[in-house]
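Contents: one structure, followed by commentary.
The values are calculated or read from the model by the stated rules, or taken from the named source; none is laboratory data. Since this is a predicted model, take the numbers as computed values, not measurements. Side chains are part of the model used for accessible areas, which takes the heavy atoms of the whole protein and leaves out ligands, DNA and RNA. Shrake-Rupley method; radii C 1.70, N 1.55, O 1.52, S 1.80 Å.
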Amino acid sequence: MEFGIRRVGGIMSGELITELASTGALALVNAVATDAWQTARAGFTRLLGRGEAERERLVATRIDEAATQLEQVGADDQERVREALLLVWRTRFADLLEERPDAIGELQALVERLRAALADAPSPSVAAVGTGSVFSANTGGLNITNTGTVGNITLHGEPRRHDA
């Protein structure tokens, strides 16, 4: 997606900031539990950390906490947590763009790299046979409830590895 830079009185429009911030938040949240995760984590840490080691450490911690929240939540709460995280990260990106309009290009480039990586990634699929019940199956995660004795669970695709 190409973004046109619109300025009102020399200031970037609120609409553009919201659009870019939303796109960045979506790219970050969508990258959780995918092969693109390390690219997303490193890129957003660098972007939001602004070259300051302590700030980068804090950003990396926040990004990891967001990923953990998404990975550990049950299927019933997944969409609620996802929406909450999108709001938090959209706000962080909007703040960044208001403070540093020069970050537009970097955010756009990172989003495009992640889109390409996500488009090329295999989509895991799950089949469960036996007495277990599949509660949720999504990219990088499988939660089973009422398991009893479970047999023949097949996972296709590679879940994300936690080597930060």
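Observations on the structure shown:
- Kirkwood radius for the range 54-124, taken over all pairs of different Cα atoms as the inverse mean of 1/r, rounds to 14.1 Å.
- Rounded, prolate or oblate (a/c below 1.5 giving rounded, otherwise prolate when a/b exceeds b/c) for the range 5-113 by Cα gyration tensor: prolate
- Taken per residue, the accessible surface of the range 14-66 reaches 42 Å², heavy atoms only and a 1.4 Å probe.
- Fraction of accessible area attributable to carbon and sulfur, the range 14-130 (%, probe 1.4 Å): 50
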